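Peer 1: The structure follows.
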Amino acid sequence: MPITTKLKAVSLGVSLALAGLLVGCNQNDSDPLVKDDAYYRGQAEAMVARLTLSEKLDLLSGPGYGSANGAINVKQDVPGVAGYINGVLRSADGIDIPALKLADGPAGVRINANRDGDSASYYATAWPIGSLLASSWDVKLVKAVGEAMGDEVRQYGVDILLAPGMNIQRNPLNGRNFEYYSEDPLLTGKIGAAMVNGVESNGVGTTIKHYFGNNSETNRNQINDIGEPRTFREIYLRGFQIAVDEAQPWAVMTSYNKVNGTYVNERKDAVTDLLRGEWKFDGLVMSDWFAGDVANNAYKQVLAGQDLIEPGNVKEQLQQFIEQGQLDEAKVNEAAIHILTQVMKSPSYNLLAISNSPDLTAHAKLARQAGAESMVLLRNEAAALPLSASSTLASFGINQINTYKGGTGSGDVNAASTTTIAQGLAARFPVNEALQSYYRDFYENNKVYHEGQFGAKGYYTCAEAPISGDLEALIASAATTQQAAVISIGRQAGEGADRSSDKGDYLLGDDELALIDAVSSAFHAQGKKVVVVLNVNGVIDTAQWRDKVDGILLAYMAGQETGHAVADVLSGAVNPSGKLAQSFPQSYASVPSAGTFPGEDTDGDGEPDDLYYNEGIYVGYRYYSTFEQAVSYPFGFGLSYTSFSYTSPAIASNTLEGGSAGNLVLTATITNTGAVAGKEAAQVYVTAPEVKLKKPLIELKAFAKTAQLAPGASEQLSFTIPASILASFDEASNQWIVEPGRYSAYISPSSDVSSSTPVSFTVSKEIVVSNTTPGALALPAGVDPTSVTTVTR
Ligand code: BGC
C-alpha cells in the first residue's frame, strides 16, 4: 500500500478520535485497509454528519450507466463498469469523496477491453463459471481463483465486484444457473464464502447476489415467489447466511423478484430483520439494476433498509418523499453511513495506484487448472479415458469450433480469446484435420449472431451439422484411421431468459443424437472408444443417450482456457476430481419443480406472475433421495482415473450437548486404492430424526477434499458440523432447532450413500440454536400453507 494512503487513513483516524467522533476505533495502524468495520463506520458517521441532505441523497441514488450519465466525482474512470456509487465533492470544506466503480461479475471482472483513443487493451481473465468452480468442492482452489480475480478488480481500478451469484439451482432451466453454484445451500455458502474471502483479500469489495429467490429469469422483474418461510430459510437463504457469517462481504445485492407478494427490496423482514438483525451483516445493501417499483416507490426500498438504489437516479423522488413525511432523514443517514463505511475502505477513496496490468498469463494458468480440476467425469466404461498422448483422435461436433467460455449477459467477461475444444485437442493429440476443417467450414456458413444484452458482447450459436453424405464418409474413414472419437456438445444460455425443456436445449437435438449414433456405431464396430464432452451452461438430458458412449466429461464452461482444460483431462494430465453440485435427473419431468416452473400467468398477459415453491425444502437430491426417484447422475457424483476407499469413519468429538454453540467433528480416512495420483471430495450426509418436523432423507452437512494422493497414500479428513448447520427451521416457534433423537452421518463419495457405513450419534434434548424474527417472510394473509407446499410426506 502506498505510504500516502496509509498516512491519510491514519491521520483521519487521529483527527476524528481527537474530535471525539470516532466510534470503536481499533484500527490496525500497520494496515488501514484491514477489515475493521467499527473503525470505518466511525469515519462514515462523522462524515455523514457533515453532508447536506442533497449530498446524502446523491450517495443513495446510483447514477445511470457510464460516467457520462452524471456520476459525481469519478476519478480514474474504468469504461465498461456496470455502475457507480456517486461521490461528493465540496472542495471549500475539504470534502472529496470519489465515486466508486462497480463491475460484474461471477466469472471475472467485466470491463471494456478497449477504450476510445487508447491503443492499450484491458482484457480480463474469463474464469470457469460458478457451477464449474463449485464442482471442485475445493474451497482452497476457489479462494485462490478469488484472489486472482480480485487482483484484476484491483489492478483495473474497480472498487466492488458484483459477484458472486449465490442463488439456488432450483430448476435446470434457469438461464442463469451457470452463474450460481449449486442446488445445495451448504455447498453454495461455503464456495461463496471462499470466493468472497479470496476477492476481498485484495482490498476490494464483493457483492453476494441476488438476495433472494431470483431462481428463474422469465419475467424476472415481476415474478412473485410464493413459498413457506421454512422453504426460504433452509434452502434459498442459508447459503447467503453462511457467506455473511464466514466472509462478511462488503455488499449484498437484492433481487428483482417478489417474495410472497412484496418485492424483496421492499421487505424489511428480509433486508433488515434477517440480514442485519439475525445475521449481523454490517455492509451495504444495493438493489439489482432498475429493480422493483423504483419509478414510483423508491422510498419503500430505503424504508426496508436498502442503502443504494442502482442505477436509480431517484434523488428527486426521495427528496419528495422526505418532504411529504413518508421517508425520515434518519433512514437516509443510516443508509449513507452503510455506504460510506464501505466507500472508506475502497481503493478509489484511498487513492491507491492502479497498474492496469494484472498478470494475465499467470491467471490463465490458474483458470486452466481450476477448470480441469473441477470438471466432472460422469462415465468411463472400461477405462476409456484417459487417452494416451499418442492416440489419434477424430473430433466431432460443431461445439468444438463454437466452444463456449461462459454464459451470456452480465456474467460474461471480455477476455482476449478463448481456446476452443478443437484447438485444445489439436495442441495435445494428433487430430484428424479433415474433420476439423469440415466443422470449421460448416460453422462459418451456418453460425447465427445474437446481440449482446445487459451491456455484454454478442455471441454466436450454430446448429449441429446434420449427417450428410460428406459427414458420413468422414465418419467412416475416421473410424478406420483414428484411434478414438470425441464428440463435443454445447449449450449456451444466460441472463434475461430461461431455457426450454425441448429438443436442442434440455434434450439433445435430432442431429446431435444422430451424430452420437453414427459415430458410436462406426467406432464401436472397430473396437474403438467414443467420448462425449459437454460444454454446457447447466444440466442437460443424459439419460436418453449415455449408454451409447464410453465416456462422458461434463466440462461445463471453463472460461477462456476451456479447450486446454478439456484436453488436460482427456489426456490424463489432470486427473478429474470434480463432483456434481447439481443432480442430473432421469428426465425433466422428474424435476420436482417441473410442474410450476417458470410460474403461472394469473393476469392473462402471457407472462408468468406467481411461482409456487410447492416442492418446499425438497429441492434437488433432497427430493430424489427422499421420494426414491431415479436420477441419471446423483448430486455429489464424479469419477476419477483412480479409486478411493473410505475407512474408519468416526466421531472425533461431540459437544452438541453443550447447546447452540456446540458441534460434531467426524473423521474418515481416504486412501487412493488405484494406480494414479488423484484428489477425492468426500461428503457428509446426515439423516436426522423427525420429532416435530419432517425432513429430507439426507442433507449435506459438511465436505472436505484431500490433497493430491499418490497411489496407496491416505489422508484423514476432518468434518465439522456446527449445531447451526445441523438445525432445521421450525415455523411454529420461529426457531432454528436441532431435534432430539438418533442421527446417522454418512461419509460418502456422493449423495448415493448406499455404500457407506453410517456413524450414529444421539441428541438427548432439543437444542434451540437461535430465535428468529416472528412472522418473517410469512405467506400472504389467507393463503393456506398446504395449498403452497404440495410435495410432502
Ligand atoms: C443483473 C446483475 C448485474 C447488474 C449490473 C443486472 O441485470 O441481474 O447481476 O450485476 O445487472 O450489470
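Peer 1: Take the residues in the stretch 665-713 that are among the acidic types (Asp, Glu) and assigned to a loop (DSSP other than H, G, I, E, B); name whichever of them is farthest from the chain's Cα centre (by Cα). Give the derivation first.
Peer 2: Start the filter on the stretch 665-713 by keeping residues that are among the acidic types (Asp, Glu), which leaves 680, 690, 699.
Those still in the list that are assigned to a loop (DSSP other than H, G, I, E, B) too: 680, 690.
On the way: Glu680: 22, Glu690: 32 Å.
Only one residue fits best here, namely Glu690.
Peer 1: Pairs, please: C-beta under 7 Å, at least 6 apart or cross-chain, first residue within 15 Å of Gly496 (Cβ to Cβ) and in the stretch 450-464, second more than 9 Å from the ligand (Cβ to nearest atom) and open to solvent by 70 Å² or more (accessible area, probe 1.4 Å)?
Peer 2: Taking only residues 6 or more apart or on different chains, the pairs are Gly458/Tyr449; Gly458/Glu451.
Peer 1: Residues that are within 16 Å of the ligand (Cβ to nearest atom), in contact with a Gly (Cβ under 7 Å, 6 or more places away or on another chain), at pLDDT 95 or above and not aromatic (Phe, Trp, Tyr): does the stretch 523-532 have at least one? Walk me through how you get there before you give the answer.
Peer 2: Filtering the stretch 523-532 down to residues within 16 Å of the ligand (Cβ to nearest atom) leaves none.
No, the stretch 523-532 has no match at all.
Peer 1: Identify all residues within the stretch 592-613 that are of a type in the set (A, V, I, L, M, F, W, C) and out of contact with any Asp or Glu (no Cβ under 9 Å at 6 or more places or on another chain); write none if there are none. Break it down into steps so the answer makes sense when it comes.
Peer 2: Step one: of the stretch 592-613, the residues of a type in the set (A, V, I, L, M, F, W, C) are 594, 597, 611.
Residue satisfying the conditions is Ala594 alone.
Peer 1: Does the stretch 81-91 contain any residue that is over 21 Å from Met286 (Cα atoms) and free of Cβ contacts under 8 Å to residues at least 24 places away in the same chain?
Peer 2: Checking the stretch 81-91: at least one residue is over 21 Å from Met286 (Cα atoms) and free of Cβ contacts under 8 Å to residues at least 24 places away in the same chain.
Peer 1: Another question, then. Restricting attention to the stretch 109-128, does a residue exist that is within 16 Å of the ligand (Cβ to nearest atom), modelled with pLDDT of 95 or more, of a type in the set (S, T, N, Q) and open to solvent by 20 Å² or more (accessible area, probe 1.4 Å)?
Peer 2: Yes, the conditions are met somewhere in the stretch 109-128.
Peer 1: Go through the stretch 602-630 residue by residue and tally those that are in contact with a Gly (Cβ under 7 Å, 6 or more places away or on another chain) and either at pLDDT below 95 or among the charged types (D, E, K, R) (or both).
Peer 2: Qualifying residue count, the stretch 602-630: 2.
Peer 1: Tell me the residue from Val691, Val665, Val753, Val738 that is in the same structural domain as Asn654 (by the TED database) and in contact with a Gly (Cβ under 7 Å, 6 or more places away or on another chain), please.
Peer 2: Values: Val665 fails: in contact with a Gly (Cβ under 7 Å, 6 or more places away or on another chain); Val753 fails: in contact with a Gly (Cβ under 7 Å, 6 or more places away or on another chain); Val738 fails: in contact with a Gly (Cβ under 7 Å, 6 or more places away or on another chain).
Selected residue: Val691, the only one of Val691, Val665, Val753, Val738 that is in the same structural domain as Asn654 (by the TED database) and in contact with a Gly (Cβ under 7 Å, 6 or more places away or on another chain).
Peer 1: Could you list all residues from the stretch 354-363 that are in contact with a Ser or Thr (Cβ under 9 Å, 6 or more places away or on another chain) and either part of a loop (DSSP other than H, G, I, E, B) or of a type in the set (S, T, N, Q) (or both)? It would help to see each step written out before you state the result.
Peer 2: Looking only at the stretch 354-363, we keep the residues that are in contact with a Ser or Thr (Cβ under 9 Å, 6 or more places away or on another chain), and these are 358, 360, 363.
Within the stretch 354-363, just Pro358 meets the criteria.
Peer 1: Can you name the residue in the stretch 451-482 that is at pLDDT 95 or above and in contact with a strand residue (DSSP E or B) (Cβ under 7 Å, 6 or more places away or on another chain) and, of all such residues, is surrounded by the most Cβ atoms within 10 Å (Cβ to Cβ)?
Peer 2: For the stretch 451-482, the residue satisfying everything is Ala478.
Peer 1: Which residue, of Gly80, Gly70, is open to solvent by 10 Å² or more (accessible area, probe 1.4 Å), assigned by the TED database to the domain that holds Asn333 and within 16 Å of the ligand (Cβ to nearest atom)?
Peer 2: Values: Gly70 fails: within 16 Å of the ligand (Cβ to nearest atom).
Step by step, each of Gly80, Gly70 is checked, and only Gly80 is open to solvent by 10 Å² or more (accessible area, probe 1.4 Å), assigned by the TED database to the domain that holds Asn333 and within 16 Å of the ligand (Cβ to nearest atom).
Peer 1: Now a separate question. Would you check which residues across the stretch 280-333 are of a type in the set (D, E, K, R) and over 23 Å from Ala44 (Cβ atoms) and list them? Let's see the steps before the verdict.
Peer 2: Within the stretch 280-333, the subset of a type in the set (D, E, K, R) is 280, 282, 288, 293, 300, 307, 310, 315-316, 323, 328-329, 331.
Listed by number, the residues that qualify are Asp288, Asp293, Lys300, Glu316, Glu323.
Peer 1: Give the residue, chosen from Ser201, Ser136, that is in contact with a Ser or Thr (Cβ under 6 Å, 6 or more places away or on another chain) and small (Gly, Ala, Ser). Spell out how you get there, then give the answer.
Peer 2: Values: Ser201 fails: in contact with a Ser or Thr (Cβ under 6 Å, 6 or more places away or on another chain).
Step by step, each of Ser201, Ser136 is checked, and only Ser136 is in contact with a Ser or Thr (Cβ under 6 Å, 6 or more places away or on another chain) and small (Gly, Ala, Ser).
Peer 1: Given the conditions (1) assigned to a loop (DSSP other than H, G, I, E, B); (2) within 13 Å of the ligand (Cβ to nearest atom); (3) within 25 Å of Ala493 (Cβ to Cβ); (4) not aromatic (Phe, Trp, Tyr), and given that Val158 satisfies all but one, which numbered condition is not satisfied?
Peer 2: (3)
Peer 1: Take residues that are farther than 30 Å from His210 by Cα and tell me which of the strands (runs of 3 or more DSSP E) falling wholly in the stretch 451-568 contain 1 or more.
Peer 2: Values: elements: 459-461, 484-491, 529-536, 551-554.
Fully inside the stretch 451-568 and qualifying: 484-491, 529-536, 551-554.
Peer 1: May I ask you to say which residue of Gly662, Gly638, Gly678 is surrounded by 14 or more Cβ atoms within 10 Å (Cβ to Cβ), in contact with a strand residue (DSSP E or B) (Cβ under 9 Å, 6 or more places away or on another chain) and over 29 Å from Tyr236 (Cα atoms)?
Peer 2: Step by step, each of Gly662, Gly638, Gly678 is checked, and only Gly678 is surrounded by 14 or more Cβ atoms within 10 Å (Cβ to Cβ), in contact with a strand residue (DSSP E or B) (Cβ under 9 Å, 6 or more places away or on another chain) and over 29 Å from Tyr236 (Cα atoms).
Peer 1: Run down Glu699, Glu657, Glu690 and say which single residue is in contact with a strand residue (DSSP E or B) (Cβ under 7 Å, 6 or more places away or on another chain), open to solvent by 10 Å² or more (accessible area, probe 1.4 Å) and touching a residue at least 24 places away in the same chain (Cβ under 8 Å). Spell out how you get there, then give the answer.
Peer 2: Details: Glu657 fails: in contact with a strand residue (DSSP E or B) (Cβ under 7 Å, 6 or more places away or on another chain); Glu690 fails: in contact with a strand residue (DSSP E or B) (Cβ under 7 Å, 6 or more places away or on another chain).
Answer to the check: Glu699.
Peer 1: Output the residues belonging to the stretch 131-147 that are over 20 Å from Val684 (Cβ atoms), open to solvent by less than 10 Å² (accessible area, probe 1.4 Å) and small (Gly, Ala, Ser). It would help to see each step written out before you state the result.
Peer 2: Applying the first criterion (over 20 Å from Val684 (Cβ atoms)) to the stretch 131-147 yields 131-133, 143-147.
If we keep only those that are open to solvent by less than 10 Å² (accessible area, probe 1.4 Å) too, we end up with 131-133, 145-146.
Hits for the stretch 131-147 are Ser131, Gly146.
Peer 1: Can I ask one more? Which strands (runs of 3 or more DSSP E) sit wholly inside the stretch 200-308 and have at least 1 residues that are within 14 Å of the ligand (Cβ to nearest atom)? Break it down into steps so the answer makes sense when it comes.
Peer 2: Values: elements: 205-211, 224-226, 251-254, 284-286.
In the stretch 200-308, 205-211, 251-254, 284-286 are the strands (runs of 3 or more DSSP E) which contain 1 or more residues that are within 14 Å of the ligand (Cβ to nearest atom).
Peer 1: Considering only residues of the stretch 420-439 that are buried (at least 23 other Cβ atoms within 10 Å of the Cβ) and hydroxyl-bearing (Ser, Thr, Tyr), which is farthest from the ligand (Cβ to nearest atom)?
Peer 2: Checking each candidate, the answer is Tyr439.
Peer 1: The conditions are (1) assigned to a helix (DSSP H, G or I); (2) at pLDDT below 95, and Tyr438 fails exactly one of them. Which is it?
Peer 2: Failed condition: (2).
Peer 1: If Leu284 meets every condition in (1) crowded, with 24+ Cβ neighbours inside 10 Å; (2) within 29 Å of Ala732 (Cα to Cα) apart from one, which number is that one?
Peer 2: Evaluating Leu284 over (1) crowded, with 24+ Cβ neighbours inside 10 Å; (2) within 29 Å of Ala732 (Cα to Cα) leaves (2) as the failure.
Peer 1: Pick from the stretch 364-402 the residues that are assigned to a loop (DSSP other than H, G, I, E, B) and open to solvent by less than 20 Å² (accessible area, probe 1.4 Å): which of them is nearest to Glu147 (Cα to Cα)?
Peer 2: Narrowing the stretch 364-402 to residues assigned to a loop (DSSP other than H, G, I, E, B): 375, 384-392, 397, 401-402.
Within this subset, residues satisfying the condition of being open to solvent by less than 20 Å² (accessible area, probe 1.4 Å) are 375, 384-385, 387, 391, 397, 402.
On the way: Met375: 21, Ala384: 36, Leu385: 33, Leu387: 33, Ser391: 37, Gly397: 35, Asn402: 30 Å.
In this case the residue turns out to be Met375.
Peer 1: Can you tell me which residues in the stretch 378-424 are within 20 Å of Asn446 (Cβ to Cβ) and either of a type in the set (Val, Ile, Thr) or not assigned by the TED database to the domain that holds Ala364 (or both)? Show your work before the answer.
Peer 2: Kept after step one, since they are within 20 Å of Asn446 (Cβ to Cβ), are these residues of the stretch 378-424: 395-404, 408, 418, 420-423.
Ile398, Ile401, Thr403, Thr408, Thr418, Thr420, Ile421, listed by residue number.
Peer 1: Do you know which residues across the stretch 246-281 are at positive phi and either open to solvent by 40 Å² or more (accessible area, probe 1.4 Å) or without any contact (Cβ under 8 Å) to a residue 60 or more places away in the chain (or both)?
Peer 2: Step one: of the stretch 246-281, the residues at positive phi are 248, 260-261, 280.
Selection gives Gln248, Gly261, Lys280.
Peer 1: Now for a different question. Has the stretch 729-741 got at least one residue that is open to solvent by 50 Å² or more (accessible area, probe 1.4 Å) and without any contact (Cβ under 8 Å) to a residue 40 or more places away in the chain?
Peer 2: The initial filter retains those residues of the stretch 729-741 that are open to solvent by 50 Å² or more (accessible area, probe 1.4 Å), namely 731-732.
Subset that is without any contact (Cβ under 8 Å) to a residue 40 or more places away in the chain: none.
Checked against the condition, which is being open to solvent by 50 Å² or more (accessible area, probe 1.4 Å) and without any contact (Cβ under 8 Å) to a residue 40 or more places away in the chain, the stretch 729-741 yields no hits at all.
Peer 1: So in the stretch 593-613, with the set limited to residues that are part of a loop (DSSP other than H, G, I, E, B) and open to solvent by less than 30 Å² (accessible area, probe 1.4 Å), which one is nearest to Thr542 (Cα to Cα)? Step through it out loud before you land on a result.
Peer 2: Of all residues in the stretch 593-613, those part of a loop (DSSP other than H, G, I, E, B) come to 593-599, 601-609, 613.
Then keep just the ones that are open to solvent by less than 30 Å² (accessible area, probe 1.4 Å); that gives 593-594, 596-597, 599, 608-609, 613.
On the way: Ser593: 19, Ala594: 17, Thr596: 23, Phe597: 21, Gly599: 25, Pro608: 29, Asp609: 31, Tyr613: 26 Å.
Filtering the stretch 593-613 for residues that are part of a loop (DSSP other than H, G, I, E, B) and open to solvent by less than 30 Å² (accessible area, probe 1.4 Å), the one nearest to Thr542 (Cα to Cα) comes out as Ala594.
The values are calculated or read from the model by the stated rules, or taken from the named source; none is laboratory data. Please read all numbers here as calculations on a predicted model, not as lab measurements. All Cβ positions, even for glycine, are placed from backbone atoms using ideal geometry, and neighbour counts span all protein chains on display. Please note that ligands, DNA and RNA were not included when accessible areas were found on the heavy atoms of the full protein model with its side chains. Shrake-Rupley method; radii C 1.70, N 1.55, O 1.52, S 1.80 Å.
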